[in-house]
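Readers should treat all values here as calculations from the given coordinates under stated rules, not as data from a laboratory. Here the structure is a predicted model, which means the values were calculated and not measured. Virtual Cβ from ideal backbone geometry, glycine too; neighbours counted across all protein chains shown.
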Amino acid sequence: MEKQVGIIGAGISGLIACKYIKAKGFHPIVFEATNTIGGVWTKTLNSTILQTPKVMYQFSDFPWPSSVTQDFPDHNEVLDYIKEYAQHFDLIKHIKFNTRVEGIEYQGPSMEEIQAWHLWNGTGEAFSTRGKWKVSVTDTQNGLNSIEVYTLDFVILCIGRFSDVPNIPEFPSEKGPEVFGGQVIHSMEYASMDSQTATEFIKGKQVTVVGFQKSALDTAMECSTVNGVDHPCRVLYKTEHWNLPDYLPWGIPLAYLYLNRFAELMVHKPGESFFLSLVATVLAPLRWVFSKFVESHIDRKLGLSEVGMVPSHSFHREINNCLISTVPDNFFDKVKEGSIVLKKAPRFWFSKEGVVIDGEEASPLKTDLVILATGFKGDIKLRNIFVSPTFQNLILGSPNSTVPLYRECIQPEIPQVAVIGFSESAANLYTSEMRCRWVAELVDGRFKLPSIEEMKKDIRKWDEYMKKYSGNYYRRSCIAALHIWYNDQLCKDMGWNHRRKKGIFSELFQPYGPLDYSF
């Protein structure tokens, strides 16, 4: 009997997983809660553009069409590109739209037996004759409360980490949004509005945006465009960031500084040899020089020093946190003209009139609308998909460590499940495709996983690396500064040649991208 593989989510990761699982001869079932494909790209601000140069954000076997000439396509062009990919590889027929997964439940060996296993799933292979997953779904279109259950041999979770479960800051008792006389929403609610509705919603209001990442910057720009200096948009932020004006610091492509093998020689790596450790130590001063080089360009272009927005941390730390985003055109011009007001607020709470910043209690900031651009709780979303409390705890891991996924895909103690798209990188489409190919090879029996203990040991090494270079942001599981080293591990597992360039010079200094892994 043919093995049944289920994929949860029809965003970019889900579509790529479907494509590669299908290529192995399976007939995947993709569960999508909405009526369309594209994931986060279906719910963006009108002004959203791609954050990564399109050369780094493309499918290895389906390049961007020649009609898209911009290096940073807008959200409509990105969504069209995703849809064309799905149509080209005939993926739509595998998708069950308007089908929300309520939970997945394992039926097979007991937890006692699973915990005694030496190998993942008992054998190190993807399938088992003893274990199945029960996937419970509901119909989101017709409002039916009835549950339909699918029995599957393997499940790939492509549920994303930037949607559905908003990260709402915690506030002291009686100092939360409930005491505020105005309105408080999360940025995902604002992003779900069409352009006209969003404009009317913010028009003439004193808006306060909380956050300083891409959604916060874009939201503030839209508010300033609508309301100008008459009703300036206030932006509350905890930490300054090295957001990019472009990807050409002093005329040199950023990829030549951070996305080649030479750049990765400057970074200590999980599982590195003594020689590589020595090289990273010797080259550490050069890493500092590269970082200062980029920082000086950003300061010059954006005038961060003029507005007191120079971060205390390095650009290298920023890229290790996967917090790099491009600044909307003219953002800091808006700051200088007064239509955007930046205000540092490590802690704040609400009063009836508005927002109170810690240490400035005597001067509440009067406001009509607060938009929380504070991100999402991707780990909680991942946890909630499991019915079993034991599996929920296993997938989350310790709050003091990264989410415990081997190769950022496999939880060693949860059988017959893979996760795609939780860990971040400098170009998430590119990384998701590599992971989907790895999972497809695993499902196809091309290789076996090492022992559970070996996988846990590897996870601990990556945890140490992320804490060293990402600091407080280690839970983001960012591999941006080591994406080639990471891909090398996947390639070696699959039996591929991990050196993809022609010649030593190119291998060392040419940036790596999606097309380097095409066949």
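Along the Cα-to-Cβ line of LEU286, 7 Å from the Cα, sits a label point; which residues in the stretch 484-519 have backbone N less than 11 Å from it?
Within reach of a label on LEU286, which here means backbone N under 11 Å from a point 7 Å along Cα→Cβ, the stretch 484-519 contributes 509.
Taking LYS336 as the anchor, which aspartates and glutamates have their alpha carbon closer than 18 Å to its alpha carbon, excluding any fewer than eight residues away along the same chain?
ASP218, GLU222, ASP230, GLU240, ASP299, GLU306
Report the FRET efficiency, 1/(1 + (r/R0)^6), for THR199 and GLU337, where r is their Cβ-Cβ distance and R0 is 22 Å, rounded to 0.05. Intermediate values should be presented prior to the final figure.
Working: r = 20 Å, r/R0 = 0.91.
About 0.65, to the nearest 0.05.
Scan around GLY103 for amide H atoms under 5 Å from its own, H built in the peptide plane at 1.01 Å from N, and keep only partners 5 or more places away or cross-chain.
Sorted by chain and number, the residues that satisfy this are SER136.
Which shape class applies to the stretch 149-305: rounded if a/c is under 1.5, otherwise prolate when a/b exceeds b/c and oblate if not, where a ≥ b ≥ c are the square roots of the Cα gyration tensor eigenvalues?
Details: a/c = 2.34, a/b = 1.47, b/c = 1.60.
Oblate is the answer for the stretch 149-305, as a/c is 1.5 or above yet b/c matches or exceeds a/b.
How much of the pair distance distribution for the chain lies past 29 Å, counting alpha-carbon pairs only, in percent?
Details: 72769 of 134421 pairs.
Of all Cα-Cα distances in the chain, 54 percent exceed 29 Å.
Quick one: length gained pulling LYS24 to ASN46 fully straight, 0.36 nm per residue minus the C-alpha distance? Can you show the working numbers first?
Values: separation 22, 0.36 × 22 = 7.92 nm, distance 3.81 nm.
Length gained, LYS24 through ASN46: 4.1 nm.
Label point 7 Å out from LYS467 along Cα-to-Cβ: which residues of the stretch 256-291 have amide N under 18 Å?
Only 268-272 pass the distance filter.
Expressed in nm to one decimal, what extension gain is obtained for the pair ASN167 and SER312 from 0.36 nm per residue of sequence separation less their Cα-Cα distance?
On the way: separation 145, 0.36 × 145 = 52.20 nm, distance 2.47 nm.
So the chain would gain 49.7 nm between ASN167 and SER312.
So what are the ³J(HN,Hα) numbers for the stretch 296-301, from phi and the Karplus equation (6.51, -1.76, 1.60; θ = phi - 60°), rounded to whole Hz, Gly and Pro as x?
Running phi through 6.51 cos²θ - 1.76 cosθ + 1.60 with θ = phi - 60° gives 5, 5, 4, 4, 5, 6 Hz.
Enumerate the residues in the stretch 233-270 having an amide nitrogen under 16 Å from the point lying 7 Å beyond the Cα of ASP329 toward its Cβ.
Once the point is set 7 Å along Cα→Cβ of ASP329, 245-247 turn out to lie under 16 Å by backbone N, inside the stretch 233-270.
If the cut-off is a Cα-Cα distance under 16 Å, which lysines reach LYS456, setting aside same-chain residues fewer than 8 apart in sequence?
Within the straight-line limit of under 16 Å, LYS456 reaches these lysines: LYS448.
Can you pull the one-decimal nm distance between simple spin-label points at SER67 and LYS448, each 7 Å off the Cα toward Cβ?
So the two model labels end up 5.0 nm from each other.
For LYS502, list the lysines whose Cα falls under 20 Å from its own Cα; do not include residues on the same chain fewer than 8 positions away.
LYS492
Classify the stretch 442-501 as rounded, prolate or oblate, taking a ≥ b ≥ c as the square roots of the eigenvalues of its Cα gyration tensor: rounded when a/c is under 1.5, otherwise prolate if a/b is larger than b/c and oblate if not. Write out the running numbers ahead of the final one.
Numbers: a/c = 2.77, a/b = 1.43, b/c = 1.93.
Because a/c hits 1.5 or more and a/b fails to exceed b/c, the stretch 442-501 counts as oblate.
Once a ≥ b ≥ c are taken as the square roots of the eigenvalues of the Cα gyration tensor of the stretch 314-367, is the result rounded (a/c under 1.5), prolate (a/b larger than b/c) or oblate (a/b not larger than b/c)? Intermediate results must be reported in sequence, preceding the final value.
Details: a/c = 3.13, a/b = 1.55, b/c = 2.02.
It comes out oblate by the Cα gyration axes.
Please give the contour-minus-distance gain from LYS301 to GLU272: 0.36 nm per residue of separation, less the Cα-Cα distance, rounded to one decimal in nm. Present the calculation step by step, with values, prior to reporting the outcome.
Numbers: separation 29, 0.36 × 29 = 10.44 nm, distance 3.72 nm.
Value of the extension gain: 6.7 nm.
Kindly provide the Kirkwood hydrodynamic radius of the stretch 6-159 in Å, to one decimal, from all pairs of distinct alpha carbon atoms.
Details: mean 1/r = 0.0574 Å⁻¹.
This gives a value of 17.4 Å.
Can you count the Lys pairs in the stretch 1-82 whose Cα atoms are under 25 Å apart, with each pair 8 or more apart or on different chains?
Qualifying lysine pairs in the stretch 1-82: 6.
So what are the ³J(HN,Hα) numbers for the stretch 31-39, from phi and the Karplus equation (6.51, -1.76, 1.60; θ = phi - 60°), rounded to whole Hz, Gly and Pro as x?
9, 10, 5, 9, 9, 8, 9, x, x
Looking at the chain, which longest stretch skips every one of the GluC sites (Glu not before Pro) that is in a DSSP loop with at most 15 other Cβ atoms within 10 Å, leaving the sites themselves out?
On the way: sites that count: GLU2, GLU170, GLU174, GLU353, GLU360, GLU361.
Longest stretch, sites excluded: 175-352.
Search the structure for amide H atoms under 5 Å from the amide H of VAL341, placed 1.01 Å from N in the peptide plane, and list their residues when 5 or more places away or on another chain.
The list, which skips near neighbours in sequence, is CYS233, ARG234, VAL235.
Which links in LYS205/LYS381; LYS205/LYS352; LYS343/LYS366 stretch past 22 Å when you go from one Cα to the other? Please list the in-between numbers first.
Working: LYS205/LYS381 33 Å; LYS205/LYS352 16 Å; LYS343/LYS366 13 Å.
Beyond 22 Å: LYS205/LYS381.
List the cysteines in the chain whose Cβ has no other cysteine Cβ under 4.7 Å from it.
CYS18, CYS158, CYS409, CYS436, CYS491
Could you work out how far the C-alpha centroid of the stretch 234-307 sits from that of the stretch 1-21, in angstrom?
Between the Cα centre of the stretch 234-307 and that of the stretch 1-21, the gap is 36 Å.
Can you give the alpha-carbon Rg of the stretch 11-55 over 2.2 N^0.38 Å, where N counts its residues?
Numbers: Rg = 13.5 Å, N = 45, 2.2 N^0.38 = 9.3 Å.
Expressed relative to 2.2 N^0.38 Å, the Cα Rg reads 1.44.
Each residue of the stretch 205-215 in order: what ³J(HN,Hα) in whole Hz does its phi give by Karplus 6.51 cos²θ - 1.76 cosθ + 1.60, θ = phi - 60°, with x for Gly and Pro?
Result, ordered by residue: 9, 7, 9, 10, 9, 9, x, 9, 9, 4, 5 Hz.
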